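Asker: Here you go, one structure.
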Amino acid sequence: MEKKQQVVVIGGGPAGLAAAGQLQSFGLDVVLIEKQAQVGGHLNKWYKVFPDFTPAEEIVAHLKSQLGNTRVLTNTTVTAISGEAPDFSITTSSGEQIPAAAILIATGYKHFDARLKEEYGYGIYDNCITSVELDAMLKENKIRTLQGKIPKKIALAHCVGSRDEKVNNNYCSRVCCTNAVKLAIEIKEQLPESEIYCLYMDIRVFGRTYEELYRTSQEEFGIQFIRGRLSEASEKPDGSLVLRFEDTLTARPMRLSVDLLILMVGMEANTELAEIARLPLGCDRFYATLHGQYANNHSHREGIFLAGTATGPKAIMESITDGRSAAAAILSFLMQKAKGMEVKVPTLV
Amino acid sequence: MGKLIEELKQDIQYQHGMNACLNCGICTAVCPAAEVYDYSPREVMNICHQEDEEALIELLKSDKIWYCGQCFSCTPRCPRGNSAARVILALRRLSIRYGYFAESEKGRQQLFAKRVFGENLLKRGLTLLATNITPQNFPELGEFWEYYFEHMKEMREWWGVPMDLENSPGSHRIIPEKDMEELRAIYKATGALELMEAIEKGMEKKLGSKEEVEKYWQTWLETGDSRNYQLKKEKEEDK
Ligand SMILES: Cc1cc2nc3c(=O)[nH]c(=O)nc-3n(C[C@H](O)[C@H](O)[C@H](O)COP(=O)(O)OP(=O)(O)OC[C@H]3O[C@@H](n4cnc5c(N)ncnc54)[C@H](O)[C@@H]3O)c2cc1C
Ligand code: SF4
Ligand code: SF4
Ligand code: SF4
């Protein structure tokens with residue numbers, strides 16, 4: 001390459017961090033734009049992550065250590081993108097103009113708003129919380145009901161906000177089953193006396209060693225898995241909850257009293273830059289990729305690339321791999337441009 | 001594919017109520033009928049989904065499809081947008097059309113629905129009249145009802161909802177003949193009349209004759225419980 005080219009990565013979660021690290025290692029100038037005060041994305045909220053209980057901090061620290069000369073702009077977002085590849089100009093919220101030969105969008109996801117499943121009572125009942133809130137309790141080693149008691153019976157409700165046309169999310173969020181298994185183990189470790197129930201519809205533990213984690217949770221931790229999706233919860237005067245569901249394996253409608261109900265909230269698209277970047281969305285409202293099989297890091301616009309959960313639910317390792325894969329796609333794109341070659345974007349047949 | 005399944009799939013209630021089922025159990029968990037009967041909307045969805053003619057006939061002959069109270073609790077929560085309540089409606093129509101309803105105890109009670117609600121509607125445009133609720137058949141309503149039953153006419157005058165007065169307010173008014181004609185036309189066009197006839201015919205076929213149907217009906221009127229009528233087969237078994 002003749003002149004040094006600059007790449008702008010938007011979003012400093014695991015995908016964006018991994019991509020930035022890889023891009024700068026190729027000798028490119030990289031600017032990483034992160035909206036929050038800290039990079040790390042959702043990892044900043046997690047305690048230990050599945051499948052191997054690595055502390056989330058360790059992952060962020062590692063990815064940050066790979067950033068080299070990357071220029072990191074925190075508390076910053078993008079307000080405009082003008083020009084076309086390879087001469088984009090990005091306007092930031094602080095008013096700076098940043099030239100970019102290529103752009104990577106790695107703006108991640110949002111949590112499903114559990115209040116929309118009114119029948120579960122999130123925001124209404126004291127002891128109905130989300131998996132995000134549970135992680136914060138685990139971090140503090142302080143799992144308590146709102147009344148300050150140590151919960152004895154705890155249920156984790158799978159598929160909250162996923163696989164549900166009633167909230168317009170037909171897709172599976174992929175990580176919540178394994179996350180539920182992980183959380184159940186962690187609860188049991190912190191509260192050995194507790195009884196833990198996972199109310200699931202299908203157990204989707206898809207990754208390497210995930211199945212083993214599932215088995216361990218049953219064999220060593222005695223977690224109960226009940227095949228039936230939570231239908232509704234109601235509150236008793238003492239703040240405990242009565243859950244209604246069907247045990248579909250014995251075909252019996254059931255009631256279960258619990259002290260704490262944890263909703264395994266799914267992922268929703270964060271496509272706040274869709275208009276600014278002029279990018280189309282898929283029917284799941286995540287960014288559309290150029291091709292679902294062989295052009296997964298390419299957007300529908302030349303020179304704008306996508307990585308991580310911006311294009312659909314992924315685990316951390318997948319997001320990191322996807323970020324690095326996007327970095328390779330960007331390098332290939334820039335090399336072809338620099339040579340004045342026609343860019344070989346994977347052509348759609 | 002079987003003929004009945006084809007026909008079921010033509011029913012608009014079925015089309016609206018049946019997508020693929022996740023077998024999640026949300027419907028059965030909230031279904032009030034599932035709590036007290038051997039009934040599960042999820043099971044009904046599954047049987048239909050199999051598209052197996054024999055299994056469908058089995059279902060149409062069973063008590064199951066009559067347990068549903070049409071409360072529609074199953075419908076707003078289904079993550080696949082199914083409605084067991086609607087599927088049940090389609091199944092009931094099919095069961096009546098082919099006479100399978102008469103094979104089950106709950107199904108045979110359709111005669112009551114037809115003769116009371118159905119005929120009231122055709123004659124008066126109202127499903128239930130206060131005069132239908134006789135103290136003899138509904139002793140649990142107690143002496144207040146008995147008093148009301150006997151003084152209905154004057155009491156309704158006091159309340160300003162007089163009986164049998166054209167276009168008056170209340171549940172005992174006379175609906176003008178012109179409107180009744182429209183109502184009957186709707187019942188005819190939608191096939192409801194045909195279903196009502198099918199109930200009489202289906203009962204006749206099952207019980208053996210029109211006289212037997214009347215006996216069944218009388219048993220019910222007199223004892224308030226259709227199970228007091230013994231089917232021929234049951235009678236033979238008793239011997
Ligand atoms: C409840 C839950 C638990 C999970 N637990 C695990 C686990 O144990 N193990 C595991 O492997 N995975 C887990 N995951 C998945 C994991 O969180 C994701 O794989 C990972 O966070 C995705 O990384 P990302 O970079 O794509 O997105 P994110 O983590 O969402 O990062 C996106 C970043 O972009 C920034 N951003 C957004 N918009 C803008 C903008 N307009 N301008 C600038 N910056 C912007 C955000 O501030 C954020 O820093 C879990 C997910 C959930 C929902
Ligand atoms: S990963 Fe499991 S809990 Fe999450 S949406 Fe998929 S099936 Fe439901
Ligand atoms: S709620 Fe819907 S998807 Fe779930 S079992 Fe009932 S019909 Fe099937
Ligand atoms: S409509 Fe019928 S199947 Fe549905 S919940 Fe009510 S009783 Fe159950």
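The values are calculated or read from the model by the stated rules, or taken from the named source; none is laboratory data. For clarity, every value in this text was computed on a predicted model and none was experimentally measured. Counting neighbours? That spans all protein chains shown, and the Cβs are built from the backbone with ideal geometry, glycine included. Ligands, DNA and RNA are excluded from the accessible area calculation, which covers all protein heavy atoms including side chains. Shrake-Rupley method; radii C 1.70, N 1.55, O 1.52, S 1.80 Å.
Asker: With all distinct Cα pairs included, what does the Kirkwood hydrodynamic radius of the stretch B:116-239 come out to in Å, to one decimal, could you say?
Answerer: Taking every pair of different Cα atoms in the stretch B:116-239, averaging 1/r and inverting gives 17.3 Å.
Asker: Separate question: Along the positive direction of the dipole of chain A (beta-carbon charges: Lys, Arg +1; Asp, Glu -1; about the Cα centre), which of A:GLN218, A:PRO313, A:THR248 reaches farthest?
Answerer: The one lying farthest along the dipole's positive direction is A:PRO313.
Asker: Using helices alone, what [θ] at 222 nm do you get for the protein assembly as shown, with -39,500 (n - 2.57) per DSSP H run of 4 or more residues, divided over all residues and rounded to the nearest 500?
Answerer: That comes out to -11000 deg cm²/dmol.
Asker: Separate question: Within a 10 angstrom radius of each residue's Cβ in B:13-23, how many Cβ atoms of other chains show up on average? Whole number is fine.
Answerer: Mean inter-chain Cβ contacts per residue within 10 Å come to 1.
Asker: Averaged per residue, what accessible surface does the stretch A:268-340 expose to a 1.4 Å probe, in Å²?
Answerer: Heavy-atom SASA per residue in the stretch A:268-340 reads 41 Å².
Asker: Label A:SER65 and B:LYS178 with points 7 Å out from Cα along Cα→Cβ: what is the distance between them in nm?
Answerer: With each label placed 7 Å out from Cα toward Cβ, I get 9.0 nm.
Asker: With a ≥ b ≥ c taken as the square roots of the eigenvalues of the C-alpha gyration tensor of the stretch A:114-265, please select rounded if a/c is under 1.5 and otherwise prolate if a/b is larger than b/c or oblate if it is not?
Answerer: Because its axes are fairly even, with a/c under 1.5, the stretch A:114-265 counts as rounded.
Asker: Could you check which residue among B:GLU143, B:GLU177, B:GLU204 shows the biggest mean-square fluctuation in a GNM of chain B with a 10 Å Cα cutoff?
Answerer: For chain B, modelled as a Gaussian network with Cα springs under 10 Å, the answer is B:GLU143.
Asker: Shifting gears a bit: Along the Cα→Cβ direction, 7 angstrom out, place labels at B:ASP52 and A:SER332. What is the inter-label distance in nm?
Answerer: 5.0
Asker: Looking at the P(r) of the stretch B:64-111, how many percent of alpha-carbon pairs lie beyond 15 Å?
Answerer: Pairs farther apart than 15 Å: 46 percent.
Asker: Of all DSSP beta bridges in the protein assembly as shown, what percent run antiparallel (nearest 5)?
Answerer: For the protein assembly as shown, the DSSP antiparallel bridge percentage is about 45.
Asker: Would you kindly state how much longer the chain becomes between B:ASP225 and B:GLU140 on full extension, computed as 0.36 nm times their sequence separation minus their alpha carbon distance, in nm to one decimal?
Answerer: 29.2 nm
Asker: List the GluC sites (Glu not before Pro) within the stretch A:95-128 that DSSP assigns to loop and that have no more than 15 neighbouring Cβ atoms inside 10 Å.
Answerer: For GluC sites (Glu not before Pro) across the stretch A:95-128 that sit outside H, G, I, E and B with at most 15 neighbouring Cβ atoms in 10 Å, the list reads A:GLU96.
Asker: Please compute, over every Cα-Cα pair in chain A, the percentage with a separation greater than 36 angstrom.
Answerer: Percentage above 36 Å: 28.
Asker: With point charges of +1 on the Cβ of Lys and Arg and -1 on the Cβ of Asp and Glu, referenced to the Cα centre of the protein assembly as shown, which listed residue (B:ALA33, A:MET201, A:LEU281) lies farthest in the positive direction of the dipole?
Answerer: Positive-end residue among those listed: A:LEU281.
Asker: Let me ask something else. Enumerate the amide H contacts of A:VAL30 below 5 Å, restricted to partners 5 or more residues apart or on another chain; note that Pro and chain-start residues carry no placed amide H.
Answerer: Residues meeting the amide H criterion: A:VAL7, A:ARG71.
Asker: To continue, here is another question. Efficiency by 1/(1 + (r/R0)^6): what FRET value for B:GLU166 and A:LYS110, r their Cβ-Cβ distance, R0 = 56 Å, to the nearest 0.05?
Answerer: The pair B:GLU166/A:LYS110 has a calculated efficiency of 0.35.
Asker: Right, another one. Give the whole-number value, in cubic angstrom per residue, of the convex hull volume spanned by the C-alpha atoms of the protein assembly as shown.
Answerer: Considering the Cα atoms of the protein assembly as shown, their hull volume per residue is 247 Å³.
Asker: Mind putting a number on the dipole of the protein assembly as shown about its Cα centre? Charges go on the C-beta only, +1 for Lys and Arg and -1 for Asp and Glu, and I need it in Debye to the nearest 20.
Answerer: Computed charge dipole of the protein assembly as shown: roughly 1400 debye.
Asker: Please tell me the relative contact order of chain A in percent, rounded to the nearest whole number, where contacts are Cα pairs under 8 Å and at least six residues apart.
Answerer: Contact order relative to length: 21 percent.
Asker: Provide a whole-number value for the mean count of partner chain Cβ atoms within 10 Å of the Cβ atoms in peptide A:240-247.
Answerer: That average works out to 4.
Asker: Using the Karplus curve 6.51 cos²θ - 1.76 cosθ + 1.60 with θ = phi - 60°, what ³J(HN,Hα) values do you get for each residue of the stretch A:52-68, in whole Hz, with x for Gly and Pro?
Answerer: For the stretch A:52-68, the Karplus curve yields 10, 6, 5, x, 4, 4, 4, 5, 4, 4, 5, 5, 5, 5, 8, 6, x Hz.
Asker: Moving on. Roughly how big is the stretch B:126-239's charge dipole about its Cα centre, with Cβ charges of +1 (Lys, Arg) and -1 (Asp, Glu), in debye to the nearest 20?
Answerer: That gives a dipole near 460 debye.
Asker: Given A:HIS298, A:PRO151, A:GLN6, which one lies farthest toward the positive end of the charge dipole of the protein assembly as shown, if we put +1 on the Cβ of every Lys and Arg and -1 on the Cβ of every Asp and Glu?
Answerer: Result: A:GLN6.
Asker: Moving on to the next point. Mean separation of Cα pairs under 8 Å and 6+ residues apart, divided by the residue count of the stretch A:114-265: what relative contact order is that in percent?
Answerer: 32
Asker: Over all residues in A:164-171, what is the mean tally of Cβ atoms on other chains that come within 10 Å of each residue's Cβ?
Answerer: 3
Asker: Still on this structure, please answer the following. Just how far, in whole angstrom, is the stretch A:179-257 from the stretch A:104-118 if you go by their alpha carbon centroids?
Answerer: If we compute the Cα centre of each part, the gap is 23 Å.
Asker: While we're on this one: Just the number: Rg to Rh for chain B, Cα atoms, Kirkwood Rh, two decimals.
Answerer: Checking Rg against Rh, the ratio lands at 1.01.
Asker: Spelling out what I want: for every residue of the stretch A:272-277, take phi, set θ = phi - 60°, compute 6.51 cos²θ - 1.76 cosθ + 1.60 (Karplus), and round to whole Hz; glycine and proline get x.
Answerer: Those phi angles translate into 5, 9, 4, 6, 4, 8 Hz.
Asker: How high is the FRET efficiency between A:GLN38 and A:SER234 when r is their beta carbon distance and R₀ equals 41 Å, given to the nearest 0.05?
Answerer: Efficiency, from the Cβ-Cβ distance: 0.55.
Asker: Enumerate by residue number the chymotrypsin sites (Phe, Trp or Tyr not before Pro) in the stretch B:1-59 meeting two conditions: DSSP loop (anything except H, G, I, E, B), and at most 16 other Cβ atoms within 10 Å of the site's Cβ.
Answerer: B:TYR37
Asker: Distance in nm between label sites at B:ARG115 and B:LYS210, each 7 Å beyond Cα in the beta-carbon direction?
Answerer: A separation of 1.4 nm, rounded to one decimal place.
Asker: Distance between the C-alpha centers of the stretch B:129-208 and the stretch B:4-73? Whole Å please.
Answerer: A separation of 30 Å, based on Cα centres.
Asker: Highest mean first, how do A:234-241, B:27-34 rank when packing is the count of other Cβ atoms within 10 Å averaged over residues?
Answerer: Those peptides, ordered most packed to least, come out B:27-34, A:234-241.
Asker: Rounding to the nearest 20 debye, state how big the charge dipole of the stretch A:114-265 is about its Cα centre with +1 on each Lys and Arg Cβ and -1 on each Asp and Glu Cβ.
Answerer: My answer is approximately 160 debye.
Asker: Work out the FRET efficiency for A:LYS166 and B:CYS71 from their Cβ-Cβ distance, taking R0 = 22 Å, and round it to the nearest 0.05.
Answerer: E between A:LYS166 and B:CYS71, to the nearest 0.05, is 0.75.
Asker: Separate question: Which residue fluctuates most in the GNM of chain B (Cα springs below 10 Å): B:ALA102, B:ALA85, B:ALA189?
Answerer: Highest fluctuation of the listed residues: B:ALA189.
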